[in-house]
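Participant: For reference, the structure I am asking about is given below.
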Amino acid sequence: MSQAVVGGLKSAGPIPERRPPPGERARPRPVSASAGLGALPLPVWRCKVCGYLCARDGPPEVCPICKAKKDRFERFI
Ligand SMILES: [Zn+2]
């Protein structure tokens, strides 16, 4: 008196694919050309105490490496 009831594992029909439209793909951005030294329009300042280099309009007030004042900086480029 045992009747095995097999449960139905029916697939519910075709599953619709959900892909984004090809126009909405994220494009990789071109890398800006500010990575290379030499292309900088700013002068480069060098700390005469520790040799720290930075490219900016003027020397920093205090060297972030050795804490020398800006009068210890010289124009490098
Ligand atoms: Zn320094």
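What follows draws every value from the coordinates through simple rules; no lab data is involved. Here the structure is a predicted model, which means the values were calculated and not measured. Because the Cβ atoms are built from the backbone with ideal geometry, glycine has one as well, and the counts that use them run over all protein chains shown.
Participant: Counting only residues 5 or more places away or on other chains, whose amide H sits under 5 Å from the amide H of residue 50 once H atoms are built in the peptide plane?
Facilitator: Excluding prolines and chain starts, which carry no amide H, there are no hits.
Participant: Rank 54, 41, 64 by how far each Cα sits towards the positive end of the charge dipole of the range 38-77 (+1 on Lys, Arg Cβ; -1 on Asp, Glu Cβ) and give me just the farthest.
Facilitator: Of the options given, the answer is 64.
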